[in-house]
1. If you count the DSSP beta bridges with both ends in the range 3-112, what percent of them are antiparallel, to the nearest 5?
2. Per residue of the chain, what 222 nm ellipticity follows from adding -39500 (n - 2.57) for every DSSP H run with n ≥ 4, rounded to the nearest 500?
3. Give me 58, 53 ranked fewest to most by other Cβ atoms within 10 Å of their Cβ, as a rough exposure proxy.
4. Between residue 26 and residue 96, what length comes free when the chain is fully extended (0.36 nm per residue of separation minus the Cα-Cα distance, one decimal in nm)?
5. Find the centroid of the Cα atoms in the range 4-48 and in the range 79-97, then give the distance between the two in whole Å.
6. Assuming 0.36 nm per residue, please report the length gained on full extension of the stretch residue 65 to residue 44 beyond their Cα-Cα distance.
7. Suppose each label sits 7 Å from its Cα in the direction of the beta carbon; what would the residue 73-residue 51 distance come out to in nanometres?
8. Go ahead and collect, in residue order, the members of the range 57-90 whose backbone nitrogen is under 19 Å from a label point 7 Å along the Cα-Cβ direction of residue 9.
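Any read-out appearing in this document is the output of simple, stated calculations on the displayed coordinates, not a laboratory observation. Note that the structure is a prediction, hence the values are computed from the model and not measured. Backbone-built Cβ (ideal geometry, glycine too); neighbour counts: all protein chains shown.
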């Protein structure tokens, strides 16, 4: 499997996880932009709307400061939270990127419920 195929498979896995938790997802296929997925969900119990922009990384792929700033810019444009979803082997991690920069918040898949 090529690096592209691994990355695409991870994007689909994240998208499927979000969909199973009630999110609406848009995938930015083959765009090579800072945002791989945009997702939104209306939380009826609290009458809130949650929007997230996601960059998916697989293996040893680097997430440099320029990519981080571009993802945060996209999050600002959509009034959203920026999330880095990474997978190394079987280990999955999801990190909310703070804006303004401060301590990162690591979350589990339960956060997406």
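1. Working: 21 of 28 bridges.
If I count the DSSP bridges inside the range 3-112, around 75 percent turn out antiparallel.
2. Numbers: 2 runs with 31 residues, N = 113.
After summing the helix terms and dividing by residue count, I get -9000 deg cm²/dmol.
3. Values: 58 20, 53 25.
Going from least to most buried by this count: 58, 53.
4. Values: separation 70, 0.36 × 70 = 25.20 nm, distance 1.87 nm.
Fully extending the segment from residue 26 to residue 96 adds 23.3 nm.
5. After rounding, the separation between the Cα centres reads 11 Å.
6. Working: separation 21, 0.36 × 21 = 7.56 nm, distance 3.57 nm.
Full extension of this stretch gives 4.0 nm more.
7. Going from the residue 73 label point to the residue 51 one covers 1.8 nm.
8. What the label zone holds, given the 19 Å backbone N cut-off, is 57-62, 85-90.
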